[in-house]
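All remarks here apply to the structure that follows.
The values are calculated or read from the model by the stated rules, or taken from the named source; none is laboratory data. Just so it is clear, the structure is predicted and the values come from calculations on it, not from any experiment. Counting neighbours? That spans all protein chains shown, and the Cβs are built from the backbone with ideal geometry, glycine included.
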Amino acid sequence: MTVGTKMHTALSSIESAKASLDTFALETQDKNAKQEFANLSQQLGGIAQSLSGRINYVEQQEPSYKMQQQQQQQQPQQLTKK
């Protein structure tokens, strides 16, 4: 697994955790817990944005990496068409 792939995996995990916190905030009746979940979600949103910027930078610096990503995305599509 390349560093770029690991970065995309980390970003997906962060976005998933943020979505969970958003859900917790919506489901709880406790105002303090709701605020805490919202704050944590906001922090993860900032982290996700920073990591996304870093991923974009890496992809601009390494065009071959971006092509590898596109090829990997096309392979599952080709398998489903058969």
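Filter the range 46-61 for residues that are of a type outside the set (A, V, I, L, M) and surrounded by 15 or more Cβ atoms within 10 Å (Cβ to Cβ) and give the result.
Hits for the range 46-61 are Ser52, Glu59.
Among residues of the range 39-50 that are β-branched (Val, Ile, Thr), those with a Cβ under 9 angstrom from a residue that is in a helix (DSSP H, G or I) and at pLDDT 95 or above, sequence gap 6+ or separate chain, pair up as Ile47/Ile14; Ile47/Lys18.
Pairs linking a residue in the range 21-36 that is hydroxyl-bearing (Ser, Thr, Tyr) and surrounded by 15 or more Cβ atoms within 10 Å (Cβ to Cβ) to a residue that is modelled with pLDDT of 95 or more and not in a helix (DSSP H, G or I), with Cβ atoms under 9 Å and 6 or more positions apart or on different chains, do not occur.
Across the range 28-44, not a single residue is classified as within 18 Å of the chain's Cα centre (by Cα) and charged (D, E, K, R). I need the full set of residues from the range 51-66 which are hydroxyl-bearing (Ser, Thr, Tyr) and without any contact (Cβ under 8 Å) to a residue 60 or more places away in the chain, in order please. Scanning the range 51-66 gives Ser52, Tyr57, Ser64.
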